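A.B. asks: One structure coming up, written as structure tokens, with questions to follow.
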Amino acid sequence: MERIYPRFIVIHHTAGFDSSALTIDGYHRARGFGVEVSSPAGLVKEYVKRGFKKTQAGVMVSIGYHYLIRAAGDVEKGRPDFVRGAHCTALGMNFKSIGIALTGNFDSVDNPDGRKGHKAPTSAQISSLRALLAHLIKIYQIPESCILRHKDVKGAATRCPGDRFWLGPGNYGILT
Ligand SMILES: [Zn+2]
């Protein structure tokens, strides 16, 4: 398995309800996404224990994001950081970035009345996101200019993470 080293962070909303990483893993597996993680053994064990699909050589991790931030602020691990993502094809970002998704649908056009998920990031989601960003940029030495909303990635034809996601370039409020 090819390993990646993240140089960017791409932020998404899930455009849906407040579901767990395991539930989203099921959706993404149905869409044919997924990578088989076969090492390290301790990590494989951890995923299997969480309910991810065991394979002969390891475990299948299909959720396209590396981190999922739930409405109550819990951060759930998606793909391991060293595995390519399935969250942003533009500019080859799946091979050089960490994908973080907040549950909810923050787009006022797609989700005007909240029928497709909560309408705006919760304050718990924002504080967890800020803490996670601070942690990741420190580990991987990622400059703040390389934190992108999905729609900021050149060539990405999307409104993700929606206009009600109010953080943006120069305004992430990361405490370092
Ligand atoms: Zn997105």
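A.B. asks: Does residue 127 satisfy being part of a helix (DSSP H, G or I), modelled with pLDDT of 95 or more and among the hydroxyl-bearing types (Ser, Thr, Tyr)?
C.D. replies: Here the answer is yes, as residue 127 does meet what is asked.
A.B. asks: Still on this model: Any residue in the stretch 29-49 that's without any contact (Cβ under 8 Å) to a residue 60 or more places away in the chain: show its pairings with residues that are among the polar types (S, T, N, Q) and outside any helix (DSSP H, G or I) at Cβ separation under 6 Å, as long as the two are six or more apart or on different chains.
C.D. replies: Here the result reads 29/62; 33/62; 34/62; 36/55, each pair linking the stretch 29-49 to a residue that is among the polar types (S, T, N, Q) and outside any helix (DSSP H, G or I).
A.B. asks: Also: Can you pull out every residue in the stretch 20-43 that is under 24 Å from residue 132 (Cα atoms) and buried (at least 18 other Cβ atoms within 10 Å of the Cβ)?
C.D. replies: 21, 24, 25, 28, 34, 35, 37
A.B. asks: So, one more: Look through the stretch 9-36, keep the residues that are over 27 Å from residue 72 (Cβ atoms) and outside any loop (DSSP other than H, G, I, E, B), and return whichever of them is farthest from the ligand (Cβ to nearest atom).
C.D. replies: By that ranking, first place goes to 36.
The values are calculated or read from the model by the stated rules, or taken from the named source; none is laboratory data. Keep in mind that what you see is a predicted model, and the values were worked out from it rather than measured. FYI the Cβ positions are ideal-geometry reconstructions off the backbone, even for glycines, and counts take in every protein chain you see.
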